[in-house]
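Trainee: Could you have a look at this structure, given as structure tokens, before my questions?
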Amino acid sequence: TNPVEMLLALMAGSWLIKRLALRHLDVQPIRMWWPPLLYGGALLLFSVYGYVTGGDIMIALWEIRALMYMLVTYCVGSQIIRTDAQVRLVIWALLTGIAIKGFQGVWRYVVDLGGSLGDIEAITGHEDAVFMATVFVLTLCLWLFKGPRNMLMFQLFTLPSTFLTFLFAQRRVAYGALAFGMIIVFGYIPAKTRRWLLLYVMIPAIPLLALYAGAFWNSGSGVAMPIRQVKEIFETGEENRSNLYRDIERINLVATIRESPQGIGFGKKYKIVVPLDAVDFPLWEYIPHNCILWMWCKMGFVGYWTFWIFLGLLIVQLTIDFRHTKDPLYRS
């Protein structure tokens with residue numbers, strides 16, 4: 001077990017003990033209960049399938065554990081978080097935690113590394129930059145939808161350190177997540193606000209971005225870090241070993257899907273038709289970078305379908321909720 005599993009178990013256990021002591025279970029209905037149940041069932045089914053067809057059950061559990069956290073949190077959270085005050089407390093906890101990560105990254109860069117990354121690829125965990133991209137989108141929404149002023153001011157105060165750490169993390173996927181988040185926000189805001197942003201922010205920004213890209217396209221300076229990350233996305237072959245690795249990985253995953261369209265199950269290695277360089281990750285033959293094809297490879301079309309049903313219907317439900325609520329924080 002790890003701290004996340006212990007925390008989830010303690011949360012669920014404390015809720016159950018309290019309800020038993022009150023002699024009233026008071027189970028809060030989950031509005032959208034069957035898609036996560038279907039998806040969770042598929043994860044367990046293909047873990048068993050992988051085991052009975054020669055897979056390693058411990059590795060299967062390692063593969064699905066983070067996905068199971070999502071589903072358990074979805075269910076436990078719906079029972080524990082019930083009031084407006086509790087929602088706000090959770091959001092404050094998330095914002096504070098990510099702000100601390102931002103300060104931590106700047107401290108490490110300035111104090112520990114002396115203002116130079118050197119050969120270090122990132123100064124925080126790989127996933128931290130994605131969390132930071134999420135709060136950048138939230139900050140924009142708090143401003144556009146007139147959310148709680150104290151939250152917006154806190155975000156603006158911590159934005160410089162968080163953004164610097166976001167850049168130092170050097171995660172291309174986080175840039176993609178941020179860009180996609182901004183596009184989604186643009187689609188959700190009122191037409192009047194959309195026109196204002198387009199005319200006074202986005203269109204004037206185009207020549208400035210073009211000048212920045214042209215000036216720093218081949219630069220190795222710290223100022224050029226964002227454009228280097230964007231540039232690397234489009235580099236192919238030997239000029240970018242990271243992209244080449246992912247391309248070969250994708251070939252292997254597609255070959256596995258074609259050979260086993262029903263899915264190979266968790267706990268089993270995907271097929272290696274083109275050799276890959278060794279990487280410092282013990283489960284590289286089980287968990288690839290491309291998690292979309294990984295789902296298809298491990299669970300076949302049926303399991304792949306349950307994954308998209310869960311996420312797709314969640315997005316639909318959230319869109320419906322967005323249209324019906326008037327609370328600026330919930331809209332954000």
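The values are calculated or read from the model by the stated rules, or taken from the named source; none is laboratory data. Since the structure is predicted, the reported quantities are computational estimates derived from the model, not experimental observations. Cβ sites come from the backbone with ideal geometry, for glycine too, and all protein chains shown count toward neighbours. For the accessible areas, the whole protein counts, side chains as well, though only heavy atoms, and no ligand, DNA or RNA atoms are used. Shrake-Rupley method; radii C 1.70, N 1.55, O 1.52, S 1.80 Å.
Trainee: May I ask you to list the residues in the stretch 148-174 that are within 25 Å of N290 (Cβ to Cβ) and not in a helix (DSSP H, G or I)?
Mentor: Scanning the stretch 148-174 gives Q170, R171.
Trainee: Under 7 Å by Cβ, and 6 or more places apart or on different chains, what pairs join a residue from the stretch 183-200 that is within 15 Å of R323 (Cα to Cα) and in a helix (DSSP H, G or I) with one that is β-branched (V, I, T) and open to solvent by less than 70 Å² (accessible area, probe 1.4 Å)?
Mentor: Hits for this filter: V185/V137.
Trainee: Let me ask something else. Being in contact with a helix residue (DSSP H, G or I) (Cβ under 9 Å, 6 or more places away or on another chain) and at positive phi narrows it down to one residue among G115, G50; which is it?
Mentor: Testing whether each residue is in contact with a helix residue (DSSP H, G or I) (Cβ under 9 Å, 6 or more places away or on another chain) and at positive phi leaves just G115.
Trainee: Right, here's the next one. For residues that are more than 26 Å from R82 (Cα to Cα) and either open to solvent by 100 Å² or more (accessible area, probe 1.4 Å) or in contact (Cβ under 8 Å) with a residue 60 or more places away in the chain (or both), tally how many sit in the stretch 1-40.
Mentor: The total comes to 1.
Trainee: Consider F46 against the criteria (1) assigned to a helix (DSSP H, G or I); (2) closer than 30 Å to E285 by Cβ; (3) open to solvent by 50 Å² or more (accessible area, probe 1.4 Å); (4) not small (G, A, S): it satisfies all of them except one. Which criterion is unmet?
Mentor: (3)
Trainee: If I go through the stretch 245-257 residue by residue, how many of them are open to solvent by less than 40 Å² (accessible area, probe 1.4 Å), farther than 10 Å from L276 by Cβ and within 24 Å of the chain's Cα centre (by Cα)?
Mentor: Residues flagged as open to solvent by less than 40 Å² (accessible area, probe 1.4 Å), farther than 10 Å from L276 by Cβ and within 24 Å of the chain's Cα centre (by Cα) within the stretch 245-257 amount to 1.
Trainee: Looking at the stretch 292-306, is at least one residue assigned to a loop (DSSP other than H, G, I, E, B) and surrounded by 12 or more Cβ atoms within 10 Å (Cβ to Cβ)?
Mentor: Residues of the stretch 292-306 assigned to a loop (DSSP other than H, G, I, E, B): none.
The answer is no; no qualifying residue exists.
Trainee: Give the residue that is nearest to the chain's Cα centre (by Cα), with candidates limited to residues of the stretch 145-176 that are closer than 29 Å to K231 by Cα and small (G, A, S).
Mentor: Result: A174.
Trainee: Still on this structure: F281: closer than 30 Å to Y49 by Cβ, assigned to a helix (DSSP H, G or I), open to solvent by 50 Å² or more (accessible area, probe 1.4 Å) and among the hydrophobic types (A, V, I, L, M, F, W, C), yes or no?
Mentor: So F281 fails the test.
Trainee: Hey, among the residues in the stretch 49-74 that are open to solvent by less than 50 Å² (accessible area, probe 1.4 Å) and among the β-branched types (V, I, T), which one's farthest from Y270 (Cα to Cα)?
Mentor: Checking each candidate, the answer is I64.
Trainee: Further question on the same structure: Which residues, counting only those in the stretch 258-267, are open to solvent by less than 50 Å² (accessible area, probe 1.4 Å) and out of contact with any Asp or Glu (no Cβ under 7 Å at 6 or more places or on another chain)?
Mentor: Within the stretch 258-267, S260, G263, I264, G265 qualify.
Trainee: Which of the residues spanning the stretch 106-144 are under 24 Å from the mean Cα position of the chain (by Cα), without any contact (Cβ under 8 Å) to a residue 12 or more places away in the chain and more than 21 Å from V223 (Cβ to Cβ)?
Mentor: Matches in the stretch 106-144: G125, E127, W143.
Trainee: Select from the stretch 307-329 the residues that are in a helix (DSSP H, G or I), of a type in the set (V, I, T) and within 30 Å of R149 (Cβ to Cβ) and list them in ascending order.
Mentor: Listed by number, the residues that qualify are I315, T319, I320.
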